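To start, the structure under review is shown below, and the notes come after it.
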Amino acid sequence: MIEYDTWRADPTPENLGKVVSALDPVINSEIQRFSGPKPLLRSRAKALTVKAIKTYDPMSGAQLRSWATTHMQQLARYGQRLRAVHAPEVAIRQAAEVNRVRMEMADTLGRDPEDEELADAVGISVKRIRDVRRMVKPTVAEGAMAEPADEDSVAGMPAISQPNRLSLAEELVYDSLTPRDRAIFDWKTGRKGKTLLSNQEIARRLGVTPALISQRSQLIAQQIQQVTARESL
């Protein structure tokens, strides 16, 4: 493959991207074999393709396409983990609203709001807020969490779980995030021992606007809710 030879001679991110693009037909074929949110499956497939490219040995006699296909067999387990997650649709919608209000109040107060403060702002009872948290927490198939996480995959996003108590849905979404979105995620949840930061402080550290941090946080939360609801896109 010409693209692969070019990357071997000049291993830049741009040339690596061209190899991945050349393998798009393989990626498209493989993700159709599994159920689940296609954007997440595609992101995972691309990550596996990159690993395949970097570990491929031209002297092995195998074709790069075959080597990549072999790596993407891991999508089977990934798809099963996606299907292991669910939550009531109404609770998902309310969790999104609670999450949005919580982030706004945290920015204003400089801390996470108490449940009583949050209930007043959202217009539902404290009990309902706690029920929503409980219902949105994914149900995991027996043994799924016992499997060791892939090297690249970690987890987590605001309001769906508390810091360092990360759900399966969050893990799956985290795996598909860009480095910047992972940094946002970590600072919003306390992942990896990070200090919880406001949108303004995260924006300052990343050199972007607080509005962008809010938008990215909400988008990531929506992706988690989609996985939780098992919406096949």
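The values are calculated or read from the model by the stated rules, or taken from the named source; none is laboratory data. Quantities reported herein were computed from a predicted structural model and do not represent experimental measurements. Every residue, glycine among them, receives a Cβ derived from its backbone with ideal geometry; neighbour counts consider all protein chains shown.
Details
- Criterion (surrounded by fewer than 20 Cβ atoms within 10 Å (Cβ to Cβ), without any contact (Cβ under 8 Å) to a residue 12 or more places away in the chain and not assigned by TED's automatic domain parsing to the domain that holds ILE224) met by exactly one of SER43, SER60: SER60
- Filtered by the rule that a residue be of a type in the set (Gly, Ala, Ser) and at pLDDT below 70, the stretch 111-152 gives ALA141, GLY143, ALA144, ALA146, ALA149.
- Residues in the stretch 199-216 that are among the aliphatic types (A, V, I, L, M) and part of a helix (DSSP H, G or I): ILE202, ALA203, LEU206, ALA211, LEU212, ILE213.
- Beta carbons closer than 9 Å, at least 6 apart along the sequence or on distinct chains, pair a first residue in the stretch 110-139 that is farther than 14 Å from ARG100 by Cβ with a second that is among the basic types (Lys, Arg) and at pLDDT 80 or above for ASP115/ARG130; ALA119/LYS127; ALA119/ARG128.
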